[in-house]
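Take a look at the structure below.
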Amino acid sequence: MRALPAARHLDVPTLNDHVPDFLTELAVALRTGSEQTIAQALLVGTGPAHGLQRVKDDFDVEEVVAEYNILRGCIHDRAENNGLSMRGRPFHVLNRVLDGAIGSAVQSFAAQKAIEVRQRREEYLAFVAHDLRTPLNAISLAARVLEMLISRDRPESSQATQMCTALKRNVRHLEALVGKVIEENTNPETEIGAPLQRREFDLWPMVEGLIHDLHPVAEAVGTRLLNTVAEDFVVYADASLIKRVLQNLTANAINYTPRGEVIIGARHAGKGGEVECFVRDNGAGIPPERRRSVFDKEETDPDKEGGSGLGLAIVKTFVEAHDGVVILESESGIGSTFRFTLPAKRS
């Protein structure tokens, strides 16, 4: 079994798994000369449980089949070394039981994999829907300001007023759709499955664009946004995911820092080329009893309405997908700082 890539680092109890029980089933079948068909074998036995266990052990389907065939070879070798004939009825019983076990194991393995794929899709959809909330909120606030300016400077322009009304109506419709998607997909069980698209990019323009996009939201509550990233600061990461990380952290900071200040920055951490980014605010801070669970899925602030419990879970998922870590420093009444690391390019 150690020849299989997924089995190299497993301990002996995990490698054994349901094999002893299966050998008992095989021994009974050989003694009784079982005439059970493969279709019947799919309904009973250790195969389904064994297949589910091998999903957890990160086997692929070929390794699941190979495991049983390795066992088949061991049984034949054992019989031959002890002068036992595996021809005739024993041969057919052995192959029938093994093939039935393979079928049921692969069936349960494939079913579990299908569930995991569906869960990944649901989580991805929930993550995207959550991240749409912030730009939609900014568009909604910008539309209100635009409507106020038009009514003040051009009160006679009915066409412009109608356009603003239509814009607000469509934004509300999109917000309702996004809320429904989040509501129906707030129980994700797996991490992001899509491969990262790493590249080198300048961080300062990304942060500057993010501040521009979030300005209507920040202005509505009197929060000042500051970009302290050096203009020549370069990171190696998936740009779209890092933008969403910073968007979530910044939007979250705005929410807790009315009439305060939110600072977005970055620095080189050590000589190895590792990068540390941070979002710091001087807002309310996070109570000690919530600090350990803020990154958990579905964890929301009981004092804040409308939260989905996904924002900081998204941050943790995307940072860890880069092999980085995210750290929270907070003090009630003083503010919070969220830091996350990104490995060097050569790592």
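Bear in mind that the values in this text are calculations on the coordinates, not laboratory data. Note that the structure is predicted; figures quoted are calculated from it, not measured. Reconstructed Cβ throughout: ideal geometry from the backbone, glycine too, with neighbour counts over all protein chains shown.
List the equivalent ellipsoid semi-axes of the range 198-342 in whole Å, largest first, each obtained as the square root of 5λ for an eigenvalue λ of the Cα gyration tensor. Spell out each step's value before the answer.
On the way: eigenvalues 108, 64, 38 Å².
In descending order the semi-axes read 23, 18, 14 Å.
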Amide H contacts under 5 Å for Val235, placed H, 5+ residues apart: Phe201, Leu203
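Under 13 Å from the Cβ of Pro288, count the other residues' Cβ atoms, weight Lys and Arg +1, Asp and Glu -1, and hand me the total.
Numbers: positive: Arg290, Arg291, Arg292; negative: Glu289, Glu329, Glu331.
For residues surrounding Pro288, the net value is 0.
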Karplus 3J(HN,Hα) series, Hz, for the range 140-150 with 6.51 cos²θ - 1.76 cosθ + 1.60 (x for Gly, Pro): 4, 5, 5, 5, 5, 5, 4, 5, 5, 5, 5
FRET efficiency estimate (nearest 0.05) - Cβ-Cβ, Thr228 to Met148, R0 41 angstrom: 0.80
Summed side-chain charge close to Val106 - residues other than Val106 whose Cβ falls under 13 Å, Lys, Arg +1, Asp, Glu -1: -3
